[in-house]
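Encoded as C-alpha cells, the structure appears first; notes follow it.
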Amino acid sequence: MEKYISLAHGDGGELSHQLIKDVFIEAFGDGNAALFDAAAITMTTHRIAVTTDSFVIKPIFFPGGSIGKLAIAGTVNDLAVSGANPAFLTCGFVIEEGFPISDLKRIVTDMADEAKKTGVTIVAGDTKVVERGSADGVYINTTGIGIYEDTRGCSLEFEEGDAIIVSGTIGDHGIAVLAARGELGITVPINSDCASLNKMLSEVLRSTDGVRIMRDPTRGGIATTLVEIAEDFHLTMKINELDLPIREEVHGVCDILGFDPLFLANEGKAIIVVADREKEKEKVIDILREFPEGRDAAVIGSIIGKGKGQLLLETPLGSKRLLTRLSGTMFPRIC
C-alpha cells in the first residue's frame, strides 16, 4: 500500500478499494456493511435523535486527543446532552492529496477506540480526496443517531433557584490546542478534555428527576452556551466567578495573554441545569464525581428570574456584569 494519499485513492478504483479495506474496515470492522450503498440498521424505538457535525481542527493531533477521537466524542456528546443513548454513527472523510496514510490509520484507530468505549457503532462512511492545497490534511464529517430509551429526560420546566452545574474544569481544550500549535510562546502542560460523556450523563438522567436541560459547551465556551439557554427560554441566569472550576495552567495563560476562560472551547464538559429541590443538585454533583470526567464538577450559578433572557457574571467584588455571546472568533480551527 502506498504511504501517502494520492488522487487515485478517491477515484473509486483499486486504490480506493484498498484504502477502505486496509484502513477503514480494518479499524471499524463489519466488512459486510461496505458491500452496499447504505447501512441496514434495526432500532427498537420510534423516537430517535439525529445530529451532524464537521471537524476541521488544527493540529489534527493534540495533547489528549486527535481529530478522530474528537469526531466520535463530539458527536456522542451532542446526542448525550439531548438525553439520547448514542447508537449509530456515520463518518465522511475529505483527505488532501499527499496526506500520510500512517496518520490516517492513527486517526481511524482513535475513532474505533473511542467508539468502542462509548458503545456507538460506525455503520457507514465516505471518502473523498482533493488536490494538494485544497484542504488542510483531513476533514471529518459525522452524523450520529441516538435512541431515546425509557429513562427520565430533560423537562425544560425552569424555575427560579434552579442550579447551574458544569461537569468539570473549563477551557482545557482551547488552551491545549493553542499550545500544540506553538502559538502561545510558552509551554503549557495541559491536555485537552476531549472525552465522551454519554455514560456519565445517562447515569444522571437515570438516577435523578430534576434535570431541566443539558448542553455541550464547545465553541464559544460556557458563556456563549449559557447565553443561548437564557435567551431561548427567557431566563435570567447568574454565574459566580469564584465558583468557576478553572485549572491553574488555564488561569495563568488567560492572565498572561488576555483570554477569557468563559469563552474558551471545551470538548468534554456538560452544562446541566437542575432543580434546587430535594437535594437534586447534590445528587447530580455526586453522580458526576463518580466518573473521571466529572470529578471537578461544580455548581457555578442559578436561575434568578424569568422574562429577560440574559446572563450575569458576579465578580469577586460582588458587582455584576452582563455577558453576551462571543463576538467574532477567538481562535480559528479549534474543533
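Quick notes on this one:
- For region 7-37, the set of residues classified as within 17 Å of LYS128 (Cα to Cα), surrounded by fewer than 17 Cβ atoms within 10 Å (Cβ to Cβ) and either modelled with pLDDT of 75 or more or not acidic (Asp, Glu) (or both) consists of LEU7, ALA8, GLY12, GLY13, GLU14, SER16, HIS17, GLN18, LYS21, ASP22, ALA34, listed by residue number.
- Region 63-75, residues that are crowded, with 24+ Cβ neighbours inside 10 Å and assigned to a strand (DSSP E or B): GLY65
- Any hit, region 172-182, residues being farther than 25 Å from TYR148 by Cα, at pLDDT 95 or above, open to solvent by 10 Å² or more (accessible area, probe 1.4 Å) and not in a helix (DSSP H, G or I): no
- Test: residue in region 285-293 that is open to solvent by 20 Å² or more (accessible area, probe 1.4 Å), modelled with pLDDT under 95 and either among the hydrophobic types (A, V, I, L, M, F, W, C) or farther than 24 Å from ILE186 by Cα (or both): no
- Which numbered condition ILE95 misses (of (1) in a strand (DSSP E or B); (2) in contact with a Cys (Cβ under 7 Å, 6 or more places away or on another chain)): (2)
- Test: residue in region 219-241 that is farther than 19 Å from ILE165 by Cβ and buried (at least 18 other Cβ atoms within 10 Å of the Cβ): yes
- Every pair of residues 6+ apart whose Cβ atoms lie under 6 Å, when the first sits in region 197-219 and is closer than 17 Å to GLY119 by Cα while the second is open to solvent by 40 Å² or more (accessible area, probe 1.4 Å) and at pLDDT 95 or above: LEU197/GLU293; MET200/PHE291; MET200/GLU293
- Condition met for ASP78 (outside any loop (DSSP other than H, G, I, E, B), acidic (Asp, Glu), at negative phi and at pLDDT 95 or above): yes
- When GLY125 is tested against (1) touching a Cys at 6+ places or on another chain (Cβ under 6 Å); (2) open to solvent by 50 Å² or more (accessible area, probe 1.4 Å); (3) part of a helix (DSSP H, G or I), only condition (3) is not met.
- Checking CYS254 against (1) open to solvent by less than 50 Å² (accessible area, probe 1.4 Å); (2) farther than 23 Å from LYS69 by Cβ; (3) at pLDDT 95 or above, the condition it does not meet: (3)
- Search result, residues across region 87-105 that are in contact with a strand residue (DSSP E or B) (Cβ under 7 Å, 6 or more places away or on another chain) and under 30 Å from MET200 (Cβ atoms): ALA87, PHE88, LEU89, THR90, CYS91, GLY92, PHE93
- Scanning region 232-250 for residues that are under 22 Å from the mean Cα position of the chain (by Cα) and not β-branched (Val, Ile, Thr) yields ASP232, LEU244, PRO245, ARG247, GLU249.
- Per-region count, region 136-158, residues part of a loop (DSSP other than H, G, I, E, B) and either at pLDDT 95 or above or of a type outside the set (D, E, K, R) (or both): 8
- Scanning region 110-120 for residues that are in contact (Cβ under 8 Å) with a residue 40 or more places away in the chain and open to solvent by 60 Å² or more (accessible area, probe 1.4 Å) returns ASP113, LYS117.
- For region 146-157, the condition of being more than 30 Å from GLU241 (Cα to Cα) and buried (at least 21 other Cβ atoms within 10 Å of the Cβ) holds for at least one residue.
- For region 268-306, residues that are over 22 Å from LEU326 (Cα atoms) and of a type outside the set (Asp, Glu) total 21.
- Residue within region 260-275 that is surrounded by fewer than 20 Cβ atoms within 10 Å (Cβ to Cβ), of a type in the set (A, V, I, L, M) and closer than 19 Å to ILE164 by Cα present: no
The values are calculated or read from the model by the stated rules, or taken from the named source; none is laboratory data. Here the structure is a predicted model, which is why all the values come from computation and not from measurement. FYI the Cβ positions are ideal-geometry reconstructions off the backbone, even for glycines, and counts take in every protein chain you see. Note: accessible area is taken over every heavy atom of the protein model, side chains too, but ligands, DNA and RNA are not part of it. Shrake-Rupley method; radii C 1.70, N 1.55, O 1.52, S 1.80 Å.
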